[in-house]
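Colleague: Below is the structure I would like to discuss, written out as structure tokens.
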């Protein structure tokens, strides 16, 4: 379970999955849409998702060869829970931001397992 959560929790993985959930993309399209990702990191992320069975890669016999990435059925099945998580983040984002602005001393007493 830890490996799966670690993979899905990676910021690049989430972005790639969301983009591929909309439609198939070629490599350069993904690279353009994810502004701050390096080519190396995009390649690593796509390979890992392909190894996990979440993303499919199809090579077209053109010159030069073009490659298109799509979500597999397993990858598509992940979109619903990701959408639920995104909805939760939107609904609770303001509360989390407010908690982050409170000084640590104010929240210390409210934490489980801490002593006053």
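Just so it is clear, none of the values below were taken in a lab; they were calculated from the coordinates. Being a predicted model, the structure only gives us computed values, none of them experimental. Here Cβ is always computed from backbone atoms with ideal geometry, including for glycine, and neighbour counts include all displayed protein chains.
Colleague: Helix-only estimate, please: 222 nm mean residue ellipticity of the chain, summing -39500 (n - 2.57) across DSSP H runs of length 4 or more and dividing by its residues, to the nearest 500.
Modeller: Per the formula, -20000 deg cm²/dmol.
Colleague: For the stretch 29-76, state the semi-axes of the equivalent ellipsoid (square roots of 5 times the eigenvalues of the alpha-carbon gyration tensor), sorted largest first and rounded to whole angstrom. Please list the in-between numbers first.
Modeller: Values: eigenvalues 59, 56, 18 Å².
Over the Cα atoms of the stretch 29-76, the ellipsoid semi-axes are 17, 17, 9 Å.
Colleague: Based on other C-beta atoms within 10 Å, arrange 68, 58 from fewest to most.
Modeller: Starting with the residue having the fewest Cβ neighbours, the order is 58, 68.
Colleague: Can you match mean projected area of the Cα convex hull in nm² to one of these, [x] 9.0; [y] 10.0; [z] 6.9, based on a calculation from the structure here?
Modeller: [y]
Colleague: Between the helical axis of 73-101 and the dominant principal axis of the chain, each derived from Cα atoms, what acute angle in degrees is found, rounded to the nearest 10?
Modeller: Taking Cα atoms only, the helix is inclined about 30 degrees.
Colleague: Oh, and also: For the pair residue 14 and residue 66, what calculated FRET efficiency results from E = 1/(1 + (r/R0)^6), where r is the Cβ-Cβ distance and R0 = 35 Å, to the nearest 0.05?
Modeller: Computed FRET efficiency for residue 66 and residue 14 comes out at 0.90.
Colleague: In what order do 25, 31 fall by count of nearby beta-carbon atoms within 10 Å, going from fewest to most?
Modeller: Taking fewest neighbouring Cβ atoms as first place, the list is 31, 25.
Colleague: When 34, 5 are ordered from fewest to most other Cβ atoms inside 10 Å of their Cβ, what list results?
Modeller: On the way: 34 18, 5 9.
Ascending Cβ contact count within 10 Å gives the list 5, 34.
Colleague: Just need the Rg to Rh number for the stretch 1-59, please, alpha carbons only, Kirkwood Rh.
Modeller: Values: Rg = 10.9 Å, Rh = 11.7 Å.
In the stretch 1-59, Rg relative to Rh is 0.93.
Colleague: Please give the length that would be gained between residue 27 and residue 52 if that part of the chain were fully extended, namely 0.36 nm times their separation in residues minus their C-alpha to C-alpha distance (nm, one decimal). If you can, show how the numbers build up before the last one.
Modeller: On the way: separation 25, 0.36 × 25 = 9.00 nm, distance 1.82 nm.
Taking 0.36 nm per residue and subtracting the Cα distance, the gain is 7.2 nm.
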